[in-house]
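Scroll down for the structure; my scribbles are underneath it.
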């Protein structure tokens, strides 16, 4: 072997000490909680400053029609983290919090952490788990190398972070876990800032490895608890409820900024694929905005299922692009798993690799149909096809909208297009045959 070749090989080893392919990105997935699309500047929001979230759109792709798979927290996460319609494994609605030791994402389902761990990634979760806390369901039992956060659907924003512990009668001093141990935070910590701190620490520790960081923040989900320095930055908002909600969004945006800055500081900015999405629309009564869309969290209107959906990968994706076709949170797992390599089998996943679509290498839309079902709570179902959205209940009126011409869903066209209604309902019925009954009673 000649000396020049030795120099080249040595350079390869030094630049890539663990030998993972340069094309395999690190991945950061930030999942906000009950953040409305009208609360983000990049989507036209004008009252709450979100410069760091907006910068993801400036440095990447803004998906104009980004959809989640469910109308609220738990099932939205189950679809995201498995890449499969959560109705296929009975996770149609939030499980009763007082039975959180019994239920969760079924152990038969392969979560994204296991797929990436197999591909050689370090996996971390910082924030809200909400995928079950009984034996076998906890993050450290599902191929998550590092966990810091709360296992339940929410917590207080200030120490001792003991809401779930009190509600469930556990007697624990806090809801916070660091891996499988209770972790007592300092009195000064605010939960959104603590999550940001833990995210930056994970990036620091894993900068020389391919890593996957899932950051499901609790903000701006209730309870609406804020720091004075955050609410002072939105003092121009006159409505008290909206102003206090906005303070949580400001803190979330600051946390996003800390993550972005850390990626740059550690030299991994360019080859990190980053998603920013919300788990569903804003609630109807907590101060959030889904404008200009109709509806809210818990509904199948656009305001309930259409959320901020931003994607950034500086080395691969275009800058400042607006992507027009509908995309789904089902696509996150498929995209990441394909990019991680190892010739993955993604045939069981319901999403697609978005990168060829976002770079315009692939033509057409990623999905012909997107399906919805939540019989367990409000008997609602829906199907999206092209510009059309058909929704209804088990028994009752069918609602058909052309979202291209009528994004606010003000004109029901079902009577004008009865054949289309029947066709789309037929497609939904075919899909529904692949689903399983919900595994628990939400009223418990």
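When the stretch 38-49 is examined, which residues are found to be surrounded by fewer than 23 Cβ atoms within 10 Å (Cβ to Cβ), touching a helix residue (DSSP H, G or I) at 6+ places or on another chain (Cβ under 8 Å) and in contact (Cβ under 8 Å) with a residue 40 or more places away in the chain?
42, 44, 45, 47, 49
When you scan the stretch 228-243, do you find a residue that is outside any helix (DSSP H, G or I) and buried (at least 20 other Cβ atoms within 10 Å of the Cβ), even just one?
No, that holds for no residue.
Only one residue in 440, 377 is in contact with a helix residue (DSSP H, G or I) (Cβ under 9 Å, 6 or more places away or on another chain), surrounded by 13 or more Cβ atoms within 10 Å (Cβ to Cβ) and part of a loop (DSSP other than H, G, I, E, B), so which one is that?
Selected residue: 440, the only one of 440, 377 that is in contact with a helix residue (DSSP H, G or I) (Cβ under 9 Å, 6 or more places away or on another chain), surrounded by 13 or more Cβ atoms within 10 Å (Cβ to Cβ) and part of a loop (DSSP other than H, G, I, E, B).
Residue 298 - would you say it is part of a loop (DSSP other than H, G, I, E, B), in contact with a strand residue (DSSP E or B) (Cβ under 9 Å, 6 or more places away or on another chain) and surrounded by 23 or more Cβ atoms within 10 Å (Cβ to Cβ)?
no
I'd like to verify a number: residues in the stretch 390-428 that are part of a strand (DSSP E or B) and touching a residue at least 60 places away in the same chain (Cβ under 8 Å), how many?
1
How many of the residues making up the stretch 204-221 are modelled with pLDDT of 95 or more and either part of a loop (DSSP other than H, G, I, E, B) or not assigned by TED's automatic domain parsing to the domain that holds residue 113 (or both)?
Residues that pass the stated criteria total 9.
In the stretch 300-325, how many are within 17 Å of residue 76 (Cα to Cα) and out of contact with any helix residue (DSSP H, G or I) (no Cβ under 7 Å at 6 or more places or on another chain)?
Of the residues in that region, 7 qualify.
Taking residue 256, is it part of a helix (DSSP H, G or I) and either without any contact (Cβ under 8 Å) to a residue 40 or more places away in the chain or buried (at least 20 other Cβ atoms within 10 Å of the Cβ) (or both)?
Yes; evaluated as a whole, the condition is true for this residue.
Just for the stretch 348-367: of the residues that are free of Cβ contacts under 8 Å to residues at least 24 places away in the same chain and within 22 Å of the chain's Cα centre (by Cα), which one is surrounded by the fewest Cβ atoms within 10 Å (Cβ to Cβ)?
Per the stated criteria, the residue is 356.
Do we find a residue being touching a helix residue (DSSP H, G or I) at 6+ places or on another chain (Cβ under 6 Å), surrounded by fewer than 24 Cβ atoms within 10 Å (Cβ to Cβ), modelled with pLDDT of 95 or more and under 21 Å from residue 437 (Cβ atoms) anywhere in the stretch 131-153?
There is no residue in the stretch 131-153 that is touching a helix residue (DSSP H, G or I) at 6+ places or on another chain (Cβ under 6 Å), surrounded by fewer than 24 Cβ atoms within 10 Å (Cβ to Cβ), modelled with pLDDT of 95 or more and under 21 Å from residue 437 (Cβ atoms).
Every residue in the stretch 120-130 that is assigned to a strand (DSSP E or B) and crowded, with 23+ Cβ neighbours inside 10 Å, please.
123, 124, 125, 126, 127, 128
So which of 162, 172, 189 is over 26 Å from the mean Cα position of the chain (by Cα) and without any contact (Cβ under 8 Å) to a residue 40 or more places away in the chain?
172
Given (1) surrounded by 24 or more Cβ atoms within 10 Å (Cβ to Cβ); (2) at pLDDT 95 or above, identify the lone condition not met by residue 117.
Only one criterion in (1) surrounded by 24 or more Cβ atoms within 10 Å (Cβ to Cβ); (2) at pLDDT 95 or above is unmet by residue 117, namely (1).
Enumerate the pairs (first residue in the stretch 63-83 and without any contact (Cβ under 8 Å) to a residue 24 or more places away in the chain and outside the structural domain of residue 42 (by TED's automatic domain parsing); second residue anywhere and in a helix (DSSP H, G or I) and surrounded by fewer than 24 Cβ atoms within 10 Å (Cβ to Cβ)) with beta-carbon separation below 6 Å, excluding pairs fewer than 6 apart on the same chain, so at least 6 apart or on different chains.
none
Can you find a residue that is part of a strand (DSSP E or B), buried (at least 17 other Cβ atoms within 10 Å of the Cβ) and in the same structural domain as residue 335 (by TED's automatic domain parsing) anywhere in the stretch 179-201?
no
The values are calculated or read from the model by the stated rules, or taken from the named source; none is laboratory data. Here the structure is a predicted model, which means the values were calculated and not measured. Methodologically, a virtual Cβ is constructed for each residue, glycine included, from the backbone with ideal geometry; neighbour enumeration extends over all protein chains shown.
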